[in-house]
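Here's the structure we're looking at; comments come further down.
The values are calculated or read from the model by the stated rules, or taken from the named source; none is laboratory data. In this text, all values refer to a predicted model and were calculated from it rather than measured experimentally. Neighbour counts are summed over all protein chains in view; Cβ atoms, including those assigned to glycine, are modelled from backbone coordinates with ideal geometry.
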Amino acid sequence: MRNIIPILKSLGLLESEVKTYLAALELGPSTVLEINKKIGLSRQAIYTAIESLIELGLMSSVEKGKKTLYTAESPERLRSFAEAKLKKMEATVREIKDISKDLSLIQQGDKPIVKMFEGPEGFIALREDIIKSRPKTIEEIANDDAISELSMDENMQQELKRKLEHMNAKSRVLVLSKDKVVSDRPGKTIKQIPNNQVDFTGDVLIYGNKVALSGLKGKMIGVIIESQEIAQTLRSLFELAWDNKK
């Protein structure tokens with residue numbers, strides 16, 4: 001016969017409650033003294049266990065003369081109890097999913113969350129984080145020539161482009177490039193920076209409460225900073241640069 005005690009304990013029952021329930025199930029209607037003789041627990045522990053089991057609907061009591069007899073409910077009732085426990089846990093899991101962002105904010109507090117990536121795969125990971133975050137707007141400062149030199153799978157690039165288009169996020173990009181750059185998707189507005197004005201080989205993305213920074217030369221490194229204050233600061237600087245470009 002299988003060891004039943006661990007299975008019933010997994011339902012949240014105490015070991016004393018499991019032993020009391022199984023003893024009552026085997027004995028049938030019985031007194032605390034009879035259960036005590038069966039499992040060896042103290043009478044007080046058995047009374048406490050019975051009280052809890054009655055509240056859970058797994059035991060009941062009946063008066064017979066001057067005695068109080070306790071009965072374990074059928075295994076079918078135990079199965080119903082387990083199913084109800086499962087449904088409650090599933091509902092709790094759904095609620096935790098709903099509040100996961102709130103919990104992340106509690107965990108974050110005033111401390112930014114920083115994630116680092118390396119190599120061209122890191123550049124892809126930054127784009128995938130944008131797709132996962134689903135922001136309404138995206139601001140970017142990019143060296144288009146440096147991006148075009150990255151060794152990335154063409155199919156992966158097209159897939160990322162398709163997902164970004166599907167998001168319908170409005171995007172504004174300040175682009176540094178030696179060639180004329182035009183928008184490659186709807187909702188994307190581009191202003192070009194003359195090569196003789198600045199010199200940088202990185203990429204900056206601002207979306208929601210996040211900033212993604214990439215260094216595109218040498219050993220490529222990407223960083224995602226999740227901080228409302230930092231995102232807002234860089235967004236304000238982007239606005240100044242954007243307004244100064246005609």
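Candidates in the range 214-230 are the residues that are buried (at least 18 other Cβ atoms within 10 Å of the Cβ) and either charged (D, E, K, R) or more than 20 Å from the chain's Cα centre (by Cα) (or both); of these, the one that is farthest from ASP145 (Cα to Cα) is GLU226.
Residues in the range 167-212 that are of a type in the set (Ser, Thr, Tyr), surrounded by fewer than 17 Cβ atoms within 10 Å (Cβ to Cβ) and closer than 14 Å to ASN143 by Cβ: THR201 alone.
Report yes if some residue within the range 26-39 is under 18 Å from GLU76 (Cα atoms), buried (at least 17 other Cβ atoms within 10 Å of the Cβ) and of a type outside the set (Phe, Trp, Tyr); otherwise report no. Yes, the range 26-39 has at least one match. When we screen LYS37, LYS85 for residues that are modelled with pLDDT of 90 or more, assigned to a helix (DSSP H, G or I) and of a type in the set (Lys, Arg), the only hit is LYS37.
Filtering the range 190-224 to residues that are closer than 18 Å to SER177 by Cβ, at pLDDT 85 or above and among the hydrophobic types (A, V, I, L, M, F, W, C) leaves ILE190, VAL204, LEU205.
For (1) hydrophobic (A, V, I, L, M, F, W, C); (2) more than 38 Å from the chain's Cα centre (by Cα); (3) surrounded by fewer than 17 Cβ atoms within 10 Å (Cβ to Cβ); (4) more than 26 Å from LEU86 (Cβ to Cβ), each residue gets a yes or a no:
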{"position": "LEU13", "(1), (2), (3), (4)": "yes, no, no, no"}
{"position": "THR20", "(1), (2), (3), (4)": "no, yes, no, no"}
{"position": "ILE46", "(1), (2), (3), (4)": "yes, yes, no, yes"}
{"position": "GLU55", "(1), (2), (3), (4)": "no, no, yes, no"}
{"position": "LYS67", "(1), (2), (3), (4)": "no, yes, yes, yes"}
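The residue pairs whose first member lies in the range 190-212 and is more than 16 Å from ASP145 (Cα to Cα), whose second member is part of a loop (DSSP other than H, G, I, E, B), and whose beta carbons are closer than 7 Å, counting only pairs six or more residues apart or on different chains, are TYR207/PRO135; GLY208/PRO135; ASN209/SER227. If the condition is being closer than 15 Å to GLU17 by Cα and hydrophobic (A, V, I, L, M, F, W, C), then the range 28-47 contributes VAL32, ILE35, ILE39, LEU41, ALA45, ILE46.
Having 3 or more residues that are of a type outside the set (A, V, I, L, M) is the bar; report the strands (runs of 3 or more DSSP E) wholly within the range 187-246 that clear it. Qualifying strands (runs of 3 or more DSSP E): 188-193, 202-207, 210-215. Screening the candidates ILE147, ILE141 for the property of being in a strand (DSSP E or B), in the same structural domain as LYS219 (by TED's automatic domain parsing) and touching a strand residue (DSSP E or B) at 6+ places or on another chain (Cβ under 8 Å) yields one hit, ILE141. Among the residues of the range 105-138, just one is of a type in the set (A, V, I, L, M, F, W, C), modelled with pLDDT under 90, surrounded by 14 or more Cβ atoms within 10 Å (Cβ to Cβ) and not in a helix (DSSP H, G or I), namely PHE117. Between LEU164, LEU150, LEU174, the distinction of being within 27 Å of MET116 (Cβ to Cβ), of a type in the set (A, V, I, L, M) and without any contact (Cβ under 8 Å) to a residue 40 or more places away in the chain belongs to LEU164 only.
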